[in-house]
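Written below as structure tokens is the structure these notes are about.
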Amino acid sequence: MSERKQYIFSFEGGGWNSVYATSEEAAIKAAMDEYKDSTSLNPIPSSFLLKEDNEDVYDNLLSLFY
């Protein structure tokens, strides 16, 4: 079984979150499933990034909290 990795993504209208999955495709599916009933949180499929390859992006996103 493949190792699950963290993917970060953006929402339409702003905001971001992350999800753990074995591939980008699985991450997109998981996020779409998680937010399927939301009227305000719509993940942008083209925004998914593998966290381990984009630590600087992740650090910048986290800096918004403090």
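The values are calculated or read from the model by the stated rules, or taken from the named source; none is laboratory data. Only a predicted model underlies this, so the values are computations on that prediction, with no experimental measurement involved. Because the Cβ atoms are built from the backbone with ideal geometry, glycine has one as well, and the counts that use them run over all protein chains shown.
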Cβ contacts < 7 Å: first residue touching a residue at least 40 places away in the same chain (Cβ under 8 Å), restricted to region 7-32; second residue surrounded by 15 or more Cβ atoms within 10 Å (Cβ to Cβ) and of a type in the set (Asp, Glu), any location; separation 6+ or different chain. Result? Tyr7/Glu24
Can you tell me which residues in region 54-66 are assigned to a loop (DSSP other than H, G, I, E, B) and surrounded by 14 or more Cβ atoms within 10 Å (Cβ to Cβ)? Asn54
Got a sec? Which of Glu3, Glu25 is out of contact with any strand residue (DSSP E or B) (no Cβ under 8 Å at 6 or more places or on another chain), modelled with pLDDT of 90 or more, assigned to a loop (DSSP other than H, G, I, E, B) and of a type outside the set (Gly, Ala, Ser)? Glu3
Subset of region 33-53, residues surrounded by 11 or more Cβ atoms within 10 Å (Cβ to Cβ) and either over 17 Å from Arg4 (Cβ atoms) or in contact with a His (Cβ under 8 Å, 6 or more places away or on another chain) (or both), comes to Tyr35, Leu41, Asn42, Pro43, Ile44, Pro45, Ser47
Return the residues of region 42-53 that are in a strand (DSSP E or B) and of a type in the set (A, V, I, L, M, F, W, C); say none if nothing qualifies. Leu49, Leu50
So Ser18, is it small (Gly, Ala, Ser) and part of a loop (DSSP other than H, G, I, E, B): no
Boolean, Glu34 is acidic (Asp, Glu) and within 13 Å of the chain's Cα centre (by Cα): yes
